[in-house]
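Q: Okay, handing you the structure first.
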Amino acid sequence: MSLKELQATLAAFATERDWDNWHTPDNLVESISIEAAELLKCYQWGKEPDPQAVREELADVLTYCLQMARCLVVDTAQIVFDKLEVTRKKYPVKEAQESSKSEPDAQKPAV
Ligand SMILES: Nc1ccn([C@H]2C[C@H](O)[C@@H](COP(=O)(O)OP(=O)(O)OP(=O)(O)O)O2)c(=O)n1
């Protein structure tokens, strides 16, 4: 399923529940922040996160992000790609590699 198809599916889900009037930019950005806090809670006190809970909270964050992008009528893939171009210039490969040597190894749990 493409990003646009996923956004259309989410829009239909909201429309059939009469939620469209609630899906305003301010409500959606609040919801992104609330769900991000719920995702953070999975890791609270250094506990071992429940992988299913992490997947669900991450899905909630992404869902509200996709809904907000649609609400603002912006092309989701394009804005991410455009920002990546900005970030590429901000962090040239050689400099980023050098600074990364002084940072602790990133842990990448498989969830
Ligand atoms: N007006 C709404 C309400 C919910 N959702 C969708 C987006 C999220 O994917 C999911 C969030 O549902 P909940 O608000 O029930 O949040 P949780 O699943 O985190 O439940 P809880 O807060 O009880 O843990 O529902 C939505 O699109 N629009």
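The values are calculated or read from the model by the stated rules, or taken from the named source; none is laboratory data. Predicted model only: the values in this text are computed from it and were never measured. Only protein heavy atoms, including side chains, enter the accessible area calculation; ligands, DNA and RNA are left aside. Shrake-Rupley method; radii C 1.70, N 1.55, O 1.52, S 1.80 Å.
Q: Take the alpha carbon gyration tensor of the chain, find the square roots of its eigenvalues, order them as a ≥ b ≥ c, and report rounded if a/c is under 1.5; if not, report prolate when a/b exceeds b/c, else oblate.
A: Numbers: a/c = 2.46, a/b = 1.38, b/c = 1.78.
Here the chain falls in the oblate category.
Q: Would you mind calculating the relative contact order of the chain from Cα pairs under 8 angstrom and at least 6 residues apart, reporting the percent as a whole number? Let's see the in-between values first.
A: Numbers: 56 pairs, mean separation 33.3, N = 111.
Result for the chain is 30 percent.
Q: Could you work out [θ]222 nm for the chain from helices alone, using -39500 (n - 2.57) per DSSP H run of at least four and dividing by all its residues? Round to the nearest 500 deg cm²/dmol. Walk me through the numbers before you get to the answer.
A: Working: 5 runs with 74 residues, N = 111.
So the helix-based figure for the chain works out to -22000 deg cm²/dmol.
Q: Keeping all protein chains in the complex and leaving out DNA, RNA and ligands, what accessible area do you get for residue 83 with a 1.4 Å probe, in Å² to the nearest 10?
A: Answer for residue 83: close to 120 Å² accessible.
Q: Mind listing the long-range amide H neighbours of residue 19? Cut-off is under 5 Å, sequence gap 5 or more, other chains count too, H placed in the peptide plane at 1.01 Å from N.
A: Excluding prolines and chain starts, which carry no amide H, there are no hits.
Q: Moving on. Among all the aspartates and glutamates, which ones have a C-alpha under 20 Å from residue 90's C-alpha, if same-chain residues fewer than 8 places away are not counted?
A: Here the aspartates and glutamates satisfying the reach criterion relative to residue 90 are 82, 98, 103.
Q: Right, here's the next one. Where a ≥ b ≥ c are the square roots of the eigenvalues of the C-alpha gyration tensor, would you call the stretch 4-43 rounded, which needs a/c under 1.5, or, failing that, prolate if a/b is larger than b/c, or oblate?
A: Numbers: a/c = 2.63, a/b = 1.73, b/c = 1.52.
Because a/c hits 1.5 or more and a/b exceeds b/c, the stretch 4-43 counts as prolate.
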